[in-house]
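Presented below is the structure to which this report refers.
The values are calculated or read from the model by the stated rules, or taken from the named source; none is laboratory data. Predicted model only: the values in this text are computed from it and were never measured. Because the Cβ atoms are built from the backbone with ideal geometry, glycine has one as well, and the counts that use them run over all protein chains shown.
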Amino acid sequence: MTAQFIHLHLHSSYSLAEGAIPIGRIKDLCLQAGMPAVAVTDTNNLFGALEASVTLAGAGIQPIAGLQQAFYGPDFGLQLQRGGRQPCLVLLAQSEAGYQNLLKITSEAFLNSRSEEGACAGVDWLENRTDGVICLTGGYDGPLDRLLREDRKTEAKSALQRLATLFPGRLYVELQRHADRDEESVEEHLIDFAYELDLPLVATNEPFFPAPDDYEAHDALLCIAEGAYVHQDDRRTVTSDHYFKSAEEMAALFADLPEAIENTVEVAKRCAYRPRFRDPILPRFAGEGDEAAAAEARELERQAREGLKARLRTHEPAAPESEYWDRLKVELDIINSMGFPGYFLIVSDFIKWAKREGVPVGPGRGSGAGSLVAWALTITNLDPLRFGLLFERFLNPERVS
């Protein structure tokens, strides 16, 4: 594929109750449009980054990992709003280091946000977390557009200068052109700022749905998300232009600013990382190396034996106690031979913590309920001997998974 334009600000269905393009559909749209790359930038999360990476790369399309992150802070001249959407920046991962920085930013936003509108990050959190990250100014919902719509030109320029300092050589002034929006009123100022500060322009369309015909259904989705009605005026809306436009449509839309189209390809070329599947990484419950495995096996046996004694003291056995101890030994031998003692210890650890902290935990479900070791460790609350449950349905040396 030859690249003319790349979508760098796009919402998949992982923009919860907001985006309406499944990852698989993004792949199909790119193939139909002959678009060799695309950035998935969901609102305040990277939930779809791995699925997008695998699905798109498998079809020969370059995936660009990113997100649209909400921010607040005096750097933008915008204080934290209650009951309103915060200004957003689009952040794209150039490298693995950049992707790790995006993970840190969005994780901290979820853990420490002070916004009633969801995960919102402080601008100061970007300090020392921008290496390997390309920033777009956010378009209509970005801080610059918002400040300019409020006729706060000086503050908008200061915010742009602050971003240029945080993202040296990696900041793009984002332009959007949708019908029925007052984007035109701020565009001239954005262009002037970009030329004055020697910053590149970039064009985006911010698709929320695949095609124009999907607009009404998407509008209903936004109503459902906000508990509003279609006929209400005081609710969030997007335009019928927020669909996956082709490169030709975008080139025609920005015919007077071809550099903004060309820079989308430049950004895509600068992004050279994608998340990949990897095997689970479990921490060692005790120590490192070969000795750690033996230590975990000993610790599992100790906890399981003590746990079974406690269970038998408080529960009437459903069989002779010797059967319980024989079953425990068999299970421990299988668990250890398959290399799972650490797994049982870790699960037991967080289940016990949850119960101590009053976090609801179920009694056990699926084949795991057939484990006497799990019952002894209080992972489950079902006595497998009482109900004739088979451990081999859970772990079986002949069926390793």
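Structural remarks
- Number of the condition not met by Leu160 [criteria: (1) of a type outside the set (D, E, K, R); (2) surrounded by 20 or more Cβ atoms within 10 Å (Cβ to Cβ); (3) under 23 Å from the mean Cα position of the chain (by Cα)]: (3)
Results for (1) within 19 Å of Cys135 (Cα to Cα); (2) at pLDDT 95 or above; (3) in a helix (DSSP H, G or I), shown as yes or no for each residue.
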| position | (1), (2), (3) |
| --- | --- |
| Met1 | no, no, no |
| Gln4 | no, no, no |
| Leu10 | yes, yes, no |
| Tyr14 | no, yes, no |
| Gly24 | no, yes, yes |
| Lys27 | no, yes, yes |
| Leu31 | no, yes, yes |
| Val54 | no, yes, yes |
| Ala57 | no, yes, yes |
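- Hits in the range 316-358 - residues which are aliphatic (A, V, I, L, M), part of a loop (DSSP other than H, G, I, E, B) and over 17 Å from Asn396 (Cβ atoms): Ala318, Ala319
- Search result, residues across the range 359-401 that are of a type outside the set (Ser, Thr, Tyr), surrounded by fewer than 17 Cβ atoms within 10 Å (Cβ to Cβ) and not in a loop (DSSP other than H, G, I, E, B): Gly366, Glu392, Arg393
- Taken together, Glu155, Glu174 contain a single residue that is out of contact with any His (no Cβ under 6 Å at 6 or more places or on another chain), among the charged types (D, E, K, R) and part of a helix (DSSP H, G or I), which is Glu155.
- Test: residue in the range 185-198 that is of a type in the set (A, V, I, L, M), in the same structural domain as Asn44 (by TED's automatic domain parsing) and closer than 17 Å to Gly66 by Cα: no
- Against the criterion of being at pLDDT 95 or above, surrounded by 14 or more Cβ atoms within 10 Å (Cβ to Cβ) and either under 38 Å from the mean Cα position of the chain (by Cα) or among the small types (Gly, Ala, Ser) (or both), Leu312 does not qualify.
- Taking the range 87-106 as the range and being at pLDDT below 95 and surrounded by fewer than 15 Cβ atoms within 10 Å (Cβ to Cβ) as the test, no residue passes.
- Per-region count, the range 91-126, residues hydrophobic (A, V, I, L, M, F, W, C), outside any helix (DSSP H, G or I) and without any contact (Cβ under 8 Å) to a residue 60 or more places away in the chain: 2
- Criterion violated by Arg129 - all others in (1) farther than 19 Å from Ala159 by Cα; (2) assigned to a loop (DSSP other than H, G, I, E, B) satisfied: (1)
- Listed conditions (1) in contact (Cβ under 8 Å) with a residue 12 or more places away in the chain; (2) assigned to a loop (DSSP other than H, G, I, E, B) are all met by Ala228, apart from (1).
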